Every structure is written in structure tokens, then in C-alpha cells.
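**Q** I am attaching a structure below and will ask some questions about it afterwards.
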Amino acid sequence: MDFKNGAELLELCRKHRCSISDVMKQRECELGETSLDTLQTKMERILEIMRESSTAPIKSPRKSIGGLIGGEARMLNEHRTSGKSICGNVISRAITYACAVLEVNTSMGLIVAAPTAGSSGIVPGVILALRDEYHISDSRLIDALFNAGAIGYLAMRNATVAGAVGGCQAEVGVAAAMAASAATELMGGDPEQCLSAASSVLMNMLGLVCDPIGGLVECPCQGRNAAGAAIAITAAEMALSGIRQIIPFDEMLAAMYAVGKKLPSELRETALGGCAATPTGCAFACGGCGQ
């Protein structure tokens, strides 16, 4: 059940008439020489960490070490519960949870890098928002995480998830692609629709630079996690409606990787360009935030 690219993954799904999550489970069991029960136990722990990191800052806001973020998740939650949200429950919850995870990450709390710490809010934000809205069981959420894992594995095998190599399109972009595919399967989509959603995300986040203010994974990282969650849900919605992405996932992944390698070093996690190089960004990096 091993696969090296999206095309091979889809072929396995067709051949065995199963979901992406089923293929990924079998692959991990075979290559890791472990039992499905052991895998399930590990994934249950991952889900537990995601759940805690996405909700704790709503109750108790956490200031980041660099002082650039902290309290945003509670503010978003209060806005949603006030009845003034313009996003609807799913997106509102998703961006709230995504921001919460970044608060935990930047205050040295426990998170799941999915696929990186800087993009760790997107996958939990999306799947937990869908859980809340549609009362989805933990067992189905775990399946969604296996689905997301398949997309992340392909990105790491055939491209990159590192901002220093491919820009933020490689971190937030891949995380959002993972979340979009997972959400699509979670809501009844087939494997082709899952990869279509993932491809759509990569297309719409193509060229996104990595420009952390002061070199800290705080700002604009937190806002990009929120945006990535919203883009993932949008891509899943389009795929589930029957809209097909005309560029296959494998080609879109290769395009993302090629674009990332062409980005100048200033736009690949060095904090020398983009947001980090603005006068205000430089001022914050020099202690202008007053922290």
C-alpha cells in the first residue's frame, strides 16, 4: 500500500475501493511494522493535544515570548458568540482555534506540528470546527488526521514544508492543503475530491512568502494560520460541490516547490523582507512593541 505521489495514492484508492485515510493507515502499519491499534492510540494522543491547544487560550490567553501576539483567540471567540460574526460558525471557529494553537506554540506550550510548528493551527482549526458544527465522533476525526498525514507525507517526499526552503506557501500552504483534503473526506468526499481540494489550496496560496517579524514565528504567522484555515474550508467546499481542480495535485505540488526555490532569500524565513522589513516591522523587531 505504499505510494510515492498523488497519482499512485488515487490508484490504490480505486483498486481497493477505499479512502485515503484507509490507504494511509495500511501503509503505516506495513512500513512501520506496527498494529493498527498502536497507530490509533498514537493518533488519539495527537487529537488530544490538538484539542487542548486549540481551546486553552480561549479560556486563558497566553502572551507569546516575543510579545507580538496573545489574546486573539479569546477576542475571536467573544466576537463569534456575540452574534456579530460575518463568517458563519465553521470558519469563525476554525480561525479561532487556529489562532489559539499559535498562542500555545509561541508561549512554549505543547502543540502538534502539522506539518510545522509555524503552521500548526490550521489542521486542528478546520477539523475541530467541523466537529463542533456537525457533532463528528473522535474516530472520524482520527481518520481525517490520517488523510491529512498522507498529504503531508507527499509534500515532504516530493517538495518541502520548510519556510526557509519554499516560503510560507510551503508551511501554511501545505498545512491548508492537508486540512482541505481531510475536511473533504470528513464531509463525505471521495479521494479525487480530496486531492482536488488540496491542489486548489496550493494554487491559491502559490508564492506566499515567509517574512516573520523579528524572526519570530508570531506575526504574520498567526494571521496566516487563520487565513489558511479559511482557504482550506473554501477549497473543500468547492471540491464537495463537484468543482474539479484542472491541475492535478502532483503538478501543483511541483509548481509550489519550483516557485519556492526561486524566492529570494529575503523572503524565505530570514526576516529581511516583506512584513519584517517594513518600518513598523523593524521597529517591533528592535523592541518597539514595548515588551
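**Q** To the nearest µm²/s, what D does Stokes-Einstein give for region 70-156 at 20 °C and 1.002 mPa s, using the Kirkwood radius over alpha carbon pairs as Rh?
**A** Details: Rh = 13.6 Å.
The estimated diffusion coefficient comes to 157 µm²/s.
**Q** Let me ask another. How high is the relative contact order of region 64-183? Use alpha-carbon pairs under 8 Å, at least six apart in sequence, and give a whole percent. Walk me through the intermediate numbers first.
**A** On the way: 150 pairs, mean separation 28.9, N = 120.
After rounding, I find 24 percent.
**Q** Sticking with this structure for a sec: Sequence gap at least 6, Cα distance under 8 Å: using those rules, report the relative contact order of the chain to the nearest whole percent. Show your work: numbers first, answer last.
**A** Values: 548 pairs, mean separation 56.5, N = 291.
Result for the chain is 19 percent.
**Q** Loop only per DSSP, at most 12 neighbouring Cβ atoms within 10 Å: give me the trypsin sites (Lys or Arg not before Pro) in region 1-49, ordered by residue number.
**A** Values: sites: Lys4, Arg14, Lys15, Arg17, Lys25, Arg27, Lys42, Arg45; in loops: Lys4, Arg17.
Counting only loop positions with at most 12 other Cβ atoms within 10 Å, the trypsin sites (Lys or Arg not before Pro) in region 1-49 are Lys4, Arg17.
**Q** Here's another thing I want to ask about it. Determine the distance separating the Cα centre of region 96-143 from the Cα centre of region 156-225; give it in Å without decimals.
**A** So the separation of the two Cα centres works out to 14 Å.
**Q** Next question. Determine the alpha carbon to alpha carbon distance for each of Lys59/Lys261; Lys4/Lys42; Lys59/Lys84; Lys63/Lys262; Lys63/Lys261; Lys15/Lys42 and list only those over 31 Å. Please list the in-between numbers first.
**A** Working: Lys59/Lys261 41 Å; Lys4/Lys42 24 Å; Lys59/Lys84 20 Å; Lys63/Lys262 35 Å; Lys63/Lys261 34 Å; Lys15/Lys42 28 Å.
Too far apart for the 31 Å limit: Lys59/Lys261; Lys63/Lys262; Lys63/Lys261.
**Q** Moving on. Using DSSP to call loops (not H, G, I, E or B), can you name the GluC sites (Glu not before Pro) in region 1-33 whose Cβ has at most 15 other Cβ atoms within 10 angstrom? Provide the component values of the computation, followed by the final result.
**A** Working: sites: Glu8, Glu11, Glu28, Glu30, Glu33; in loops: Glu33.
When the GluC sites (Glu not before Pro) of region 1-33 are filtered for loop state and at most 15 Cβ neighbours within 10 Å, Glu33 remain.
**Q** On the protein heavy atoms, probe 1.4 angstrom, tell me the percent of accessible surface of region 69-189 carried by carbon and sulfur.
**A** Values: 2070 of 3790 Å².
Reported share for carbon and sulfur atoms: 55 percent.
**Q** Check each of the chymotrypsin sites (Phe, Trp or Tyr not before Pro) in region 243-291 and keep only those in coil by DSSP with at most 15 other C-beta atoms within 10 angstrom; list them in order. Could the numbers behind the result be given before it?
**A** On the way: sites: Phe249, Tyr257, Phe284; in loops: none.
The qualifying sites: there are none.
**Q** With n ≥ 4 as the cut-off for DSSP H runs, can you work out [θ] at 222 nm for the chain, using -39500 (n - 2.57) per run divided by the number of residues, rounded to the nearest 500?
**A** On the way: 13 runs with 186 residues, N = 291.
One gets -20500 deg cm²/dmol as the mean residue ellipticity at 222 nm.
**Q** Over region 1-93, what is the relative contact order in whole percent, taking alpha-carbon pairs under 8 Å and six or more residues apart? Mind dumping the intermediate values first?
**A** Working: 50 pairs, mean separation 12.6, N = 93.
That works out to 14 percent.
**Q** On average, how much accessible surface per residue is there in region 152-257, in Å², for a 1.4 Å probe, leaving out ligands, DNA and RNA?
**A** Values: 3340 Å² over 106 residues.
Averaged over the residues of region 152-257, the accessible area is 31 Å².
**Q** Cα centroid distance between region 1-56 and region 231-291, in Å?
**A** So the two Cα centres are separated by 27 Å.
**Q** Evaluate Rg over Rh across region 97-201, taking Cα atoms for both radii and Kirkwood's formula for Rh.
**A** On the way: Rg = 13.1 Å, Rh = 13.6 Å.
In region 97-201, Rg relative to Rh is 0.96.
**Q** Regarding region 137-186, what's the average projected area of the Cα-atom convex hull, expressed in nm²? Present the calculation step by step, with values, prior to reporting the outcome.
**A** On the way: hull surface 12.6 nm².
Its Cα hull, projected and averaged over all orientations, spans 3.2 nm².
The values are calculated or read from the model by the stated rules, or taken from the named source; none is laboratory data. Note that the structure is predicted; figures quoted are calculated from it, not measured. So basically every Cβ, Gly included, is an ideal-geometry build from the backbone, and we count neighbours across all protein chains shown. All accessible areas refer to the heavy atoms of the entire protein, side chains included, with ligands and DNA or RNA removed. Shrake-Rupley method; radii C 1.70, N 1.55, O 1.52, S 1.80 Å.
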